[in-house]
Structures are given as C-alpha cells and as structure tokens.
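To start, the structure under review is shown below, and the notes come after it.
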C-alpha cells in the first residue's frame, strides 16, 4: 500500500516532505514517476491529468487537497469501489466567510466606484446602503455555505439560503430545490458557494440572476463554470445588476484578452477567497491514510453519485 | 425666540421646510437674511461663516447638524452662556462602523492591490491576513468609537481602544491618555475617530503612526486636520505602512492636484463614512428646541472647554 501525489500547477515537494515526516514507513511517490502502480491504494490529487488514476488497479481512496472535488470527477473514470474525500477545515471556511464579507461591504460602500473615481480625481459622494437594508441569498448550504449564511445573519444582514437538500440554520430563511425563484426574488445579493456538478453548471444565468432586485450584485466563490459569462455582462450592461465580484473563472488564470478584465463594474480576484493551508490539509490527509490502513470510516467523504 | 440656520455648502431648504412643518409657530430664518437678529436664540449650524454668530446678542444654543462640533469652535467666539450640541444618532454610529469594517476587510484582502492589478490584467494571488490575526487600535472612545471597538471585537478582531478619559468596553483592551504609545505598539491598524481639538490636531504623525507593526494600515474617519499628510506619505514610501483609507481631508473636496489622488496605496472616499439622515437630525434639533423653550437639559451637549 502506497501513496501517489498527482498535482497540476502546484509544487508537490512540500507535500512529499511533510508526508514522509509524518508517515516515515510509507512510500510516497509523485506522478508520473510511480515505480509500482499496483501498490498505490491512496491518491492525493489536485486537478489530476485526464484518466491518470486508471493506471492504479488497486486504488481505494482519492483525496482532494481542496474543498472541491469537481476537478476529480470531471477528469477521471472511477470504479465503484473507490472512495473520494475532500478537505474541510474550519479556517478555510472562516476565510471564505471573510472574503464574502469583504465583497458585500465593498458593494454596500461602492468601493469599486470610488477606486475608479480616484483614477480621474473625481470627488463624487454617493449615498450608501446599510447592512440592515440588505438581503443576501446564499446558494449552497454545505458546511461552508451554512457557516457563511449564519455569520452574515449574525452581523445583521437579512439572509436567505438555498440548497438541494433542505437545511435549517438559525436566523436564516432557507429554501429547497424547487424554490430557487422565490429564494432570489427581491434579494439584493447572490452569493454562490455551490459545488460544481452537472446540475449546478451554468446555474448563474440570465433567468436566475435577473430575479434579484434591480441594481443587485453577484459574488461567485463557487466555480467559474457556474456562471454564464455573457449573461452576466448583459445584465450589467442593461443596469439590471450593478456589478459582480468574481474569484473563480472557467479558465484560470483569467486569459489576458478576457472582457472581464477592463469592466469597471466587475471586480476580479485571482482565486484567493480561501487558500488551503498546507499543514492543516496534510493533517487531514495523514488522518485519512491511517483510517484507510485500518479500514475505518474516512473523514469528509463525498458522494460519487451526487458529485459533492 | 427664533431659529437661525447657518449652512456652508449645504442646501438649507429641506431643513426650513421640515422645521416649519414640525414647529409651525416658530420663526425659522436662513443666514444671512435674518430680519431680527436679536430674536435669534437657537442657531442650527454646519460650518458657519467666521464670526457669523456674533450678530446674535441673545444666542443661547448652537446646534451642530453633524456628530462633530469643531467646525463651530474653530470659526466662532462664543460667550460663556452659549450651549453647544451635536447630533448623536444610532444609525449614524452604525454607518461609521460599517465604513470602518469595509476598510478593514478591504485591507485584509488587499482589494486595493487587486483593483490596481486588474487595470494591468495581472493575475497575482497574494496570501491574505485574517480577522483573528489582526489587532486594531481605535483612537477615540466616545459613543461612536466605543461602538466601533465593541462591534469589531465581537466579530473577532483583537481590539484596543485609546481615549483621553478612561473607558471600559467589553472585549476591548483600553488605554488612557498617557498610554498612546503602548496602545499603538504591535498593532496592525489604527482607526481614528477622535474629535478635532487643539490637543488632537496632528495626532496622526510619524511618531505615532510608526509605532504600528511594519506593514500597518491607517483608517481616518475623524477629521483631515488630525493627519500630518507628509508623514503618512513618507511612512508609506518607506514601507513602514502598507497604505491608508482616508475619508476626511484638510480641504474638502480634496483639491485636484493633491498627491493623495494618484497614490496606489492610499484609498480616498469623499467624506461618505456616514451621511446624516435629514429626518433623524431634524428630530433631534426639534427636541432640543423644545427643551430650550422649557429650559430643560439639552440632548448631546458638548463641553465648550474640552471642545467635544
């Protein structure tokens, strides 16, 4: 039994070093230099190469090193006996909340307008919106979305939450799968933290986003493929939406010629809503490896059928 | 007994209309067209013209329509028998807190850097700072500063507060007049909400601001004259401070040629941290007029000796 690391655009060295330190008697190899593929039972992945996992006939566990697993499902054919796990860590959840709070406050206080005004030395006060006047709809109420919704309600936002499976959250009005329309109607801000699955791809489109109040705002910290980019541009052009804060994109880094870059009402951040902390993530991976060795229930396993 | 309105750069018409509605039997006149100056006992002021109040021999009350009264003390010689009042309103206090929160989050998440990166289509992730890692020192613990400090502590910042007169605030480490140095040392962000008096003018200078941790940040929602502008520029140039968010300036609107405008690490907003709501302010003025008529204790009176 051994561990294989399969990373795209991420340096595996710090991972190898820490895993070897914490698991001194375990073989840890980095794809594609795997000497005995049939020994690999546990794969640690970030955007693995297409079908790379098919070379491991005895694979039992696929461990994502982030909160999302869409990068695994979209690139691999996994047999029914493989379990897929993700990283859930309270700091990462708190970090996402802090990013969303930054985006919401920046929207309420028009910081994007004032940044642009500053470039032209323009002094032009505008009345602001307050937390208490603002309704926010959070799409996705897994451990991350539920936490964000609860915290936002605590500081005074009027918060709604929507999820496939019904949830109860203190201070939050929740809606179930067939109630997306009513969850978005007369809301001011849509915050997307959904997992990416075939059901949720393109869910941020003109039909859904136009349900928000005129002048509404969109914050996407889910995945780029949730958003129909042209629909967003059109809703902003027509004045239906006042703008958007985007941290994730269909192609990352966002290509240099993309029209989002120079749009004055779209704020772009380079996938920094939450950055996995190496040591926290390694601890979860080590714990799951040990559970795997002793055939115990794994942490943060996702449903292969649901895709999250 | 009558009311005089003395406004600079502010339209008095909505005020006249509301006051006449709420006080139908009272004479309300607008400076400089005052027919019987000796009748004026109550002056409603915003940046009154220099010594304009000296023409009212029977003046008893000067009511500021904002939270600050420095615009009155610096322009008028008031006799000992005049009482000066300001507006305190819970929405205005909440608004200032929301502005400070916006500035803090924008600092933690480097939104100013990302705005600038976007102009050059640059994708460059940077590790962020979290609320829990951040120490904030609030200068000024009157009703506004104390509220801001308490709220920031509640959402997880490590908060210190400094004021002339010692204060106790739940969750906040407070310091008194002679402890400014220790209040600022090893803090990350200075938030200034002090009143402007001869004691506090120029208090944001190289000596005080350089006590912050390297890379520290400054948020000024007090008055422009609290800040020594060149000292701020030098501390940012040297890398000692990472930047500043300024809502108030020595001259407002900020003159077009001012070096703050095109400084990539200084964010400028046009005095919008809190905007007095006409109806809330008028209600307080009406209440004080009625108290004045019946010789009762006035609301929100300030000390003419302390200047706040």
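A short reminder: the numbers here are calculations on the coordinates, not readings from a lab. All figures in this text were calculated on a predicted structure; none of them were measured in a lab. Quick reminder, even Gly has a Cβ in these numbers, built from the backbone with ideal geometry, and neighbours come from all protein chains shown.
With springs only between Cα atoms under 10 Å apart, run a GNM on chain A and tell me which of A:23, A:59, A:78 wobbles the most.
Most flexible of the set in this elastic network: A:23.
What's the exposure ranking of A:191, A:272, going from fewest to most Cβ atoms within 10 Å?
Numbers: A:191 27, A:272 18.
With the sparsest Cβ surroundings first, the list reads A:272, A:191.
Could you grab the relative contact order for region B:90-268? Cα pairs under 8 Å, six or more apart, rounded to a whole percent.
Details: 317 pairs, mean separation 30.4, N = 179.
Relative contact order of region B:90-268: 17 percent.
Quick one: work out the % antiparallel among DSSP beta bridges in the protein assembly as shown, nearest 5.
Values: 6 of 88 bridges.
Just about 5 percent of them are antiparallel.
For region B:90-268, with equal point scatterers placed on the C-alpha atoms only and solvent neglected, what are the log10 I(q)/I(0) values from the Debye formula at q = 0.14, 0.20 1/Å, to two decimals?
Once normalised to I(0) and log-transformed, intensities are -0.72, -1.50.
With both bridge residues required to lie in region B:90-268, what share of the DSSP beta bridges run antiparallel, to the nearest 5%? Intermediate results must be reported in sequence, preceding the final value.
Values: 1 of 26 bridges.
Of all bridge pairs located within region B:90-268, approximately 5 percent are antiparallel.
Under 14 Å from a point 7 Å along the Cα-to-Cβ line of residue B:39: which residues of region B:1-24 have their amide N that close?
Residues B:1-5, B:24 fall inside that zone.
Could you put B:62, A:44, B:282 in order, starting from the residue whose Cβ has the fewest other Cβ atoms within 10 Å? Let's see the in-between values first.
Working: B:62 25, A:44 28, B:282 22.
Starting with the residue having the fewest Cβ neighbours, the order is B:282, B:62, A:44.
Report the FRET efficiency, 1/(1 + (r/R0)^6), for residue A:234 and residue A:88, where r is their Cβ-Cβ distance and R0 is 41 Å, rounded to 0.05. Before the final figure, lay out the partial values.
Details: r = 36 Å, r/R0 = 0.88.
Computed FRET efficiency for residue A:234 and residue A:88: 0.70.
Give the nm distances, rounded to one decimal, from residue B:303 to the matching residue in every other copy, measuring between label points 7 Å along Cα toward the beta carbon; shortest first.
Computed spacing set for this position: 6.5 nm.
Take chain B, connect every pair of alpha-carbon atoms lying under 10 Å apart with a spring to form a Gaussian network, then pick out the residue of B:242, B:206, B:33 with the largest mean-square fluctuation.
For chain B, modelled as a Gaussian network with Cα springs under 10 Å, the answer is B:33.
Give me the one-decimal nm value for the distance between modelled label points at residue A:257 and residue A:49, 7 Å along each residue's Cα-to-Cβ direction.
Once both label points are built, they end up 2.9 nm from each other.
Give the calculated FRET efficiency between residue B:17 and residue B:294 to the nearest 0.05, with a Förster radius of 22 Å applied to their Cβ-Cβ distance. Intermediate results must be reported in sequence, preceding the final value.
Numbers: r = 25 Å, r/R0 = 1.12.
Computed FRET efficiency for residue B:17 and residue B:294 comes out at 0.35.
When only alpha-carbon atoms are used, what values of Rg and Dmax, in angstrom, describe region B:190-233?
Here Rg and the maximum Cα pair distance are 9.8, 29 Å.
Under the rule of -39500 (n - 2.57) per DSSP H run of 4 or more residues, summed and divided by the residues of chain B, what mean residue ellipticity at 222 nm is obtained, to the nearest 500 deg cm²/dmol? Write out the running numbers ahead of the final one.
On the way: 9 runs with 88 residues, N = 308.
Dividing the helical sum by the residues of chain B leaves -8500 deg cm²/dmol.
In terms of the ratio Rg/(2.2 N^0.38 Å) built on C-alpha atoms, what value belongs to region B:56-149? If you can, show how the numbers build up before the last one.
Numbers: Rg = 20.6 Å, N = 94, 2.2 N^0.38 = 12.4 Å.
Against the empirical 2.2 N^0.38 Å value, I get 1.67 for region B:56-149.
Please find, in a Gaussian network model of chain A (springs between Cα atoms separated by less than 10 Å), the residue of A:135, A:26, A:276 whose mean-square fluctuation is greatest.
Highest fluctuation of the listed residues: A:26.
How big is the antiparallel share of DSSP beta bridges in chain A, given as a percent to the nearest 5?
About 5 percent, rounded to the nearest 5.
Shortest first, in nm, what separates the label point of residue A:166 from those of the same position in the other copies (7 Å along Cα→Cβ)?
So the label point of residue A:166 gives 5.6 nm to the other copies.
State, in angstrom, two size descriptors of region A:1-88 derived from its alpha carbons: Rg to one decimal place and Dmax to the nearest whole number.
In Å, with Rg to one decimal and Dmax whole: 11.9, 33.
To the nearest 10 degrees, how steep is helix B:13-22 against the longest Cα principal axis of chain B, on a 0 to 90 scale?
60 degrees
Say each of residue B:250 and residue B:80 gets a label point 7 Å from the Cα, pointing the same way as Cα to Cβ; how far apart are those two points in nm?
3.6 nm
Which residues does the label zone of residue A:127 cover in region A:200-224, counting backbone N under 12 Å from a point 7 Å along Cα→Cβ?
Answer for region A:200-224: none.
Once you have the Cα-Cα distance between residue A:202 and residue A:170, take 0.36 nm times their residue separation minus that, and quote the gain in nm to one decimal.
Details: separation 32, 0.36 × 32 = 11.52 nm, distance 2.93 nm.
Result for the pair: 8.6 nm of gain on full extension.
Of all the C-alpha pairs in region A:117-174, what % are more than 20 Å from each other? Please list the in-between numbers first.
Values: 640 of 1653 pairs.
The share of Cα pairs beyond 20 Å in region A:117-174 comes to 39 percent.
Going by alpha carbons, how many degrees (0 to 90, nearest 10) lie between the helix axis of B:90-108 and the longest principal axis of chain B?
Helix B:90-108 and the main axis of chain B meet at about 20 degrees.
Please state, as a whole number in µm²/s, the translational diffusion coefficient that the Stokes-Einstein equation yields for chain A at 10 °C and 1.306 mPa s, with Rh defined as the Kirkwood radius across alpha carbon pairs.
Working: Rh = 20.8 Å.
Translational diffusion coefficient: 76 µm²/s.
Label the protein assembly as shown by shape, choosing from rounded, prolate and oblate, from the square roots a ≥ b ≥ c of the eigenvalues of the Cα gyration tensor; if a/c is under 1.5 it is rounded, and otherwise prolate applies when a/b is larger than b/c, oblate when it is not.
On the way: a/c = 2.61, a/b = 2.12, b/c = 1.23.
Judged from the Cα gyration tensor, the protein assembly as shown comes out prolate (a/c at least 1.5, a/b above b/c).
7 Å along Cα→Cβ for the label point: how many nanometres lie between residue B:90 and each equivalent label in the other copies, listed shortest first?
Spelled out, the distances from residue B:90's label point are 3.2 nm.
Nearest 10 degrees, 0 to 90: what angle lies between the long axis of helix A:278-293 and the longest principal axis of chain A (Cα atoms)?
40 degrees
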